[in-house]
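Presented below is the structure to which this report refers.
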Amino acid sequence: MNFPAPMPRRPGTAAAGLRFSMVSALIAIGFTVLLTAPSLIAFGLPTYAVLPVMAIVPIAATGYMFTNAITRGAFRFNFNLLLLLLLVLNLAIFASGFMFSLRNGVPIAHDQLVNTAAYVFIASVSALLFCTLVSNSRYPATSIMSALFIASLLICVINMMLIAGGLENPASIGQPQTQSPGMFSKALGLGINRIMMPLSSGFQNGAVVPTTLCVLSAGFSGRYKALRLFAFVLGALLLLLLDTRMFMVAIGMAFAVRFARSAIAIAAAAIAFPWLEVVFVNFSQNFPTLAALATGRVDKYGLFSGREFVWNCFWDYFAKARSSQVFFGNGLFGQANTGVSKNYAEVFHSWSGEMRATISLHNAFLQMIMDTGILGLVAFCVLLFAVVRRAEVLATIDVLDGSGWRVLSLLLLTFASIAGTEMVIGWYMKESVSITASLFFILAFFGGRRTDGNPTRSANPTGEGPGPGPVIPVGG
């Protein structure tokens, strides 16, 4: 299940692969909580009870080692100041959009607004903790990516067991996707409807974890081949049961684009991905075969399961919007603040008025324009370009941690591709917020990491602790 890297490594580069340790196990606990806690709301647990769980458990799980790190004074961050400033800028823009909507947004969006902001805050704090725990490691990216692999594998195994046991997510009743059979089941003649993951807060949200598992399984090389093969098959099977075609296509696109020789070209592809689906829909009349394949529910929901409809609503708004709205947006849940999504009833008649009013635009970049304007979109695109480019560079030159940077880049590319039809790389899909926040923080805190290629630079080539040689921080 290994795919070739696009650029040759320098001699001596280690393909360490997955690294399991006490640190990665503790971080995996934190990831597991962050990725499954949103589903507790679907099972009836109140939001005010879920949020403390999400905050307390990762902190409690990492508290002991965090305290030890403080007492040892062993923090060894290699900051990339450019990426750190871009990350802070994006969080500040998000906060300003939150404050605007809190003061001026429609009332029905307020509860979701506070819930979303609280989760972004908790995910960011957890990402800070994760990075702190690996600050003394020579493999920070690989350690956290290994922890994410453990968490994703555990969640997928539990999901498969719950599905086999007949347990359904209570929220699946209100999900229109579960009312229709998937193309995979049709091809096998099964006729079963699409399945919503038991441990997820929404239908597409449930595809985030198996997608992550597939990318990490195929992206890592080296040890644990049998485990990685099992994990890939499990993740792929869950995606087929979900019938989330764009998630499966995105995995292939992420690996394919890395055959490019230039880190800049690969980073540019991450920016282009979310626009490809928009362009395809706008010119779908020229590709009737592909359009028919893109949706199995054309008559019921319209092209791309209603995305064509809601994107057209966005373009109508954009053509008439004031310049201030175009450049600065309308606050988080801008589609509700402006009423752009209120006509979604024409697509999903059974949905409540509140759900129709707050449903996202199913495209991360269009949603950013609606929420924080061109300013917010440009800031995010610059951040995304910079982190993907830096991850690609580090995947080539970092002798010790190259495998971690490689899978980190693959995950960002995959999420960027899915962002054309979902909010995977935005702030709304909670299951992805903890992942993307962690990826951004890792690059900001360790993106200056660079090794000199000398295998003798460390007196402990297999240990987790830092060697005596210098770690040279460099810019982006």
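The values are calculated or read from the model by the stated rules, or taken from the named source; none is laboratory data. Since we're looking at a predicted model, the values are computed, not measured. All Cβ positions, even for glycine, are placed from backbone atoms using ideal geometry, and neighbour counts span all protein chains on display. Side chains included, ligands, DNA and RNA excluded: accessible areas come from the protein's heavy atoms. Shrake-Rupley method; radii C 1.70, N 1.55, O 1.52, S 1.80 Å.
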Any hit, segment 63-86, residues being at pLDDT 90 or above, polar (S, T, N, Q), farther than 20 Å from D398 by Cα and open to solvent by less than 40 Å² (accessible area, probe 1.4 Å): no
Residue count for segment 199-225, restricted to those that are open to solvent by less than 10 Å² (accessible area, probe 1.4 Å) and not aliphatic (A, V, I, L, M): 11
Residue count, segment 237-265 (criterion: free of Cβ contacts under 8 Å to residues at least 60 places away in the same chain, in a helix (DSSP H, G or I) and crowded, with 18+ Cβ neighbours inside 10 Å): 3
Count of segment 359-405 residues which are open to solvent by 10 Å² or more (accessible area, probe 1.4 Å) and on the phi > 0 side of the Ramachandran plot: 1
Segment 316-334 - residue that is in a loop (DSSP other than H, G, I, E, B) and touching a Gly at 6+ places or on another chain (Cβ under 9 Å) and, of those, farthest from L102 (Cα to Cα): G329
From T372, T396, T421, T338, residue being farther than 28 Å from P181 by Cβ and in contact with a Lys or Arg (Cβ under 7 Å, 6 or more places away or on another chain): T396
Where a residue in segment 30-48 is aliphatic (A, V, I, L, M) and its partner, wherever it lies, is at pLDDT 85 or above and part of a helix (DSSP H, G or I), with Cβ under 7 Å and at least six apart: L34/A123; L34/S126; L34/S434; L35/A151; L35/I155; L35/V209; L35/E431; L35/S434
Some residue of segment 313-329 being modelled with pLDDT under 90 and either of a type outside the set (G, A, S) or open to solvent by 20 Å² or more (accessible area, probe 1.4 Å) (or both): yes
Segment 87-128 - residue that is in contact with a Gly (Cβ under 7 Å, 6 or more places away or on another chain) and either in a helix (DSSP H, G or I) or open to solvent by 40 Å² or more (accessible area, probe 1.4 Å) (or both) and, of those, nearest to I27 (Cα to Cα): S126
Unique match (being within 21 Å of L82 (Cβ to Cβ), assigned to a helix (DSSP H, G or I) and under 14 Å from the mean Cα position of the chain (by Cα)) among S432, S417, S438: S438
Single residue of I425, I472 found to be part of a loop (DSSP other than H, G, I, E, B), crowded, with 23+ Cβ neighbours inside 10 Å and at pLDDT below 95: I425
